[in-house]
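*Asks:* Here you go, one structure.
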Amino acid sequence: MFKLARWIITAAALLWLWNRVTGEGITSQGTLLMTMVYGQFVFWPLLVLWIVPAIFRHRPPKAKKHDLSVFSAGISHDHIALDQERDKLWIRDPARGERYLDRNDILSIRTAFDVRGSVTNQRLELQVRDVEHPLWQVPFVRHSDRRHKGMERNGAERDEWFARLKAWTGLSTVR
């Protein structure tokens with residue numbers, strides 16, 4: 001909705017500028033000065049409408065550069081990757097950081113989500129053999145969760161990784 005409004009406002013501003021330039025002619029000194037003065041009231045808000053959203057748009061996290069002697073991702077996502085040859089899993093928890101796991105380090109896996117206003121955050125929760133940090137959360141936030149379609153895509157990717165990890169670990173009971 002915001003994008004549509006932004007395009008409509010930009011088109012109206014360009015139409016106004018076109019009418020000022022072609023309608024009255026911009027050759028006279030007064031018309032040029034008035035166009036420049038009123039143009040400031042159009043130019044700066046348009047700049048804000050285009051630059052601020054570009055600054056704050058969601059960017060996917062940078063891909064992890066793994067040491068190929070330790071880990072070679074065969075299947076990967078933004079915060080999780082699987083190396084089937086070495087039998088290792090790499091996960092990234094925004095709160096705890098990154099870590100590599102062996103198949104037998106994982107005790108249980110479950111899907112989870114939480115809703116805050118209009119935003120739904122999808123994640124996998126892995127309970128691991130670690131006394132300090134037994135619960136790791138892997139978020140699935142590649143697509144915008146403000147829209148129903150993005151929420152469904154994130155949920156589908158989460159469910160796909162859940163099934164993949166369940167098959168990889170051989171866990172029959174998932175908490």
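*Asks:* From the backbone phi of the range 159-168, what are the Karplus-calculated ³J(HN,Hα) couplings (6.51 cos²θ - 1.76 cosθ + 1.60, θ = phi - 60°) in whole Hz, Gly and Pro given as x?
*Replies:* 5, 5, 5, 4, 5, 4, 5, 5, 5, 5
*Asks:* Sticking with this one: Separation between the Val115 and His133 pseudo-spin-labels, each 7 Å from Cα along Cα→Cβ, expressed in nm?
*Replies:* Using points 7 Å along Cα→Cβ, the separation is 3.0 nm.
*Asks:* Summing +1 for each Lys or Arg and -1 for each Asp or Glu, what net charge is found among the other residues whose Cβ lies under 11 Å from the Cβ of Ser72?
*Replies:* Summing Lys and Arg as +1 and Asp and Glu as -1 gives -1.
*Asks:* Here's a follow-up. Determine the gain in length on full extension of the stretch Ile8-Arg57; use 0.36 nm per residue of separation and subtract their C-alpha separation, reporting nm with one decimal.
*Replies:* Here the segment from Ile8 to Arg57 would lengthen by 15.6 nm.
*Asks:* Given H placed on each backbone N at 1.01 Å, which residues far from Leu107 in sequence or on other chains put an amide H within less than 5 Å of it?
*Replies:* Gln127, Val128, Arg129
Values in this text are rule-based calculations from the coordinates and carry no lab data. Keep in mind that this is a model prediction, so the values were computed, not measured. Here the Cβ is made from the backbone with ideal geometry for all residues, glycine too, and neighbour counts use every protein chain on show.
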